[in-house]
Amino acid sequence: MSITGELTSALGPTKVLLDEPTLAAYAVDEAPVLDYQLPLAVVFAESVEDVQATVRACAARGVPLVARGAGTGVSGGAHASQGSIVLSLERMNRILDLNPDDETAVVEPGVVNADLNAAAAPHGLMYAPDPASYKRSTIGGNVATNAGGLRCAKYGVTRDSVLALGVVLADGSLIHTGHQTFKGVAGYDLTGLFVGSEGTLGIVVGVTVRLKYLPPEVHTIAAFYPDFRSAAAGVLAVGRARVQPAIMELLDGGSLAHLDAVHGSDLAARGAALLLIQTDGFGADAEAAAIRPLLVAGGAVVTMEANAEAEELVELRRSSRGVGDEDEYRVGEDVAVPRSRLVDYVAELEAMAVTYGVHLKVVAHAGDGNLHPTFWVDRPDSSVDSDALERLGAALDKSVTIALAMGGTITGEHGIGQYKLRWLGLEQKEPVRELQRRIKELFDPAGILNPGKAI
Ligand SMILES: Cc1cc2nc3c(=O)[nH]c(=O)nc-3n(C[C@H](O)[C@H](O)[C@H](O)COP(=O)(O)OP(=O)(O)OC[C@H]3O[C@@H](n4cnc5c(N)ncnc54)[C@H](O)[C@@H]3O)c2cc1C
């Protein structure tokens with residue numbers, strides 16, 4: 001019997017879809033596609049047992065298995081591999097427990113980030129890591145990519161909020177790692193190892209997370225600058241004052257203009273770059289008052305936003321990545337640099353755009369030194385601009401090598417997936433890569449879990 005026949009008879013036809021539109025819809029995530037492959041089938045697991053049955057069937061035949069949450073990844077981690085089964089966890093979307101006194105929640109992997117936050121809010125709690133995709137992306141996907149987000153400037157990334165995991169290993173067995181307590185140092189930190197492993201070491205089927213307090217007060221500051229570098233310098237000024245905002249987001253003029261075009265806002269008229277800051281908690285007002293003069297001294301026009309406007313600005317920032325699909329003519333990056341190099345790096349990006357004749361816009365989780373430059377070229381008219389893609393590729397490579405030269409990383413939060421494998425060797429040298437390959441071999445000797453991704 002074929003693998004698809006076996007899965008269908010084991011799980012039933014409602015959980016194993018083979019029709020072309022479904023295969024196509026689950027073939028790729030939101031990253032550029034380097035090697036388009038249709039999966040053999042998409043399995044919609046509804047329980048841990050479904051996941052185990054799927055893994056066992058794939059293991060028995062050496063069939064590649066690609067785990068998938070919401071498919072919002074932008075590194076190609078959830079792209080189907082050749083001859084693979086895509087295992088969607090989206091139907092495993094129950095919040096199994098939310099304990100306000102322990103300040104923890106136990107969730108299935110397909111729970112959408114925003115839904116967990118909605119469930120925590122009535123208890124005065126929140127799940128802090130908030131990727132801009134929080135209304136769509138799943139906790140399982142967030143765990144597998146160690147997702148960051150806006151509030152991570154203060155509250156840390158996904159790894160800082162994950163206490164324990166249920167994981168189905170490559171042989172179909174189920175293990176539990178970590179602890180339900182905030183603290184715990186028994187043995188090696190396998191939970192930390194699975195976080196960010198992009199579906200290459202095991203399938204996450206349960207997640208225990210630590211919740212944080214929903215801040216009673218939030219204060220939003222919009223600092224509009226005459227140029228991008230001054231705005232980047234504002235981030236350092238706030239840090240030197242030793243004030244810790246919850247959110248510190250940076251948008252350049254190109255991003256502001258795009259947002260205006262799509263949403264009808266008037267951001268570009270207010271300045272050439274925006275530093276959007278939110279302080280929160282009982283000290284929100286005092287922190288905002290301490291920050292404001294520093295920003296003004298750095299050349300900003302500063303407004304304290306009323307609630308409705310503030311929410312609108314933050315939502316605009318969250319949606320700012322979604323302007324224009326990425327493809328070979330529009331590529332996005334996810335580098336991070338030490339904060340002290342932010343201004344230098346921003347200057348380098350602007351120079352690169354000029355040197356290579358490409359368009360540039362940048363949004364950044366600036367509090368973490370994590371930048372998302374997008375480079376693009378107009379679709380070339382082959383007779384006029386045949387080297388446009390080469391120039392784009394050169395700008396992209398340069399943006400990565402400069403970030404590394406400044407002590408940065410090629411991926412702050414999106415993961416390596418398929419797309420960034422070409423740069424991994426620049427960041428991690430051979431002894432480390434060899435150790436990673438051996439870890440992979442230990443967990444997945446037959447190499448069926450998301451092959452060709454992450455390492
Ligand atoms: C508009 C937009 C904004 C974004 N903003 C941010 C941001 O601010 N911060 C950020 O970090 N990212 C951001 N992203 C990227 C993306 O949303 C995150 O990487 C997110 O964590 C992916 O979650 P997902 O459920 O969509 O996972 P998918 O895209 O389905 O999968 C991502 C990876 O995780 C693996 N995986 C998924 N579920 C499991 C599981 N249960 N077990 C094992 N492996 C699994 C997949 O195989 C794949 O390698 C953004 C994306 C978009 C489109």
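Structure notes:
- Residue check: T145 meets all listed conditions (1) touching a strand residue (DSSP E or B) at 6+ places or on another chain (Cβ under 6 Å); (2) near the ligand (Cβ under 8 Å from one of its atoms); (3) more than 22 Å from L250 (Cα to Cα) but one, namely (1).
- Restricting the search to strands (runs of 3 or more DSSP E) fully inside region 187-256 and requiring at least 1 residues that are small (G, A, S) and touching a residue at least 60 places away in the same chain (Cβ under 8 Å) gives 203-210, 218-225.
- Near pairs, Cβ below 7 angstrom, 6+ apart or cross-chain, from region 141-164 (hydroxyl-bearing (S, T, Y)) to any residue that is within 8 Å of the ligand (Cβ to nearest atom) and not in a loop (DSSP other than H, G, I, E, B): T158/N142; T158/V143
- Only listed residue being closer than 24 Å to G415 by Cβ and away from the ligand (no atom under 14 Å from the Cβ), chosen from R210, R151: R210
- In region 236-273, the residues that are β-branched (V, I, T), over 22 Å from the mean Cα position of the chain (by Cα) and within 12 Å of G367 (Cα to Cα): V238, V243
- Top-ranked residue in region 19-55 [being in contact with a helix residue (DSSP H, G or I) (Cβ under 6 Å, 6 or more places away or on another chain) and part of a loop (DSSP other than H, G, I, E, B); ranked as nearest to the ligand (Cβ to nearest atom)]: A45
- Test: residue in region 286-295 that is in contact with a Lys or Arg (Cβ under 9 Å, 6 or more places away or on another chain) and not assigned by TED's automatic domain parsing to the domain that holds R379: yes
- Here region 417-455 is the region considered, the condition is being of a type in the set (G, A, S) and surrounded by fewer than 21 Cβ atoms within 10 Å (Cβ to Cβ), and the residue that is nearest to the ligand (Cβ to nearest atom) is G452.
- Q82 satisfies every condition listed in (1) away from the ligand (no atom under 12 Å from the Cβ); (2) more than 16 Å from V28 (Cβ to Cβ); (3) not charged (D, E, K, R) except (2).
- Criterion (aromatic (F, W, Y) and more than 12 Å from the ligand (Cβ to nearest atom)) met by exactly one of Y127, Y134: Y127
The values are calculated or read from the model by the stated rules, or taken from the named source; none is laboratory data. Model, not experiment: these values are computed from the prediction. Virtual Cβ from ideal backbone geometry, glycine too; neighbours counted across all protein chains shown.
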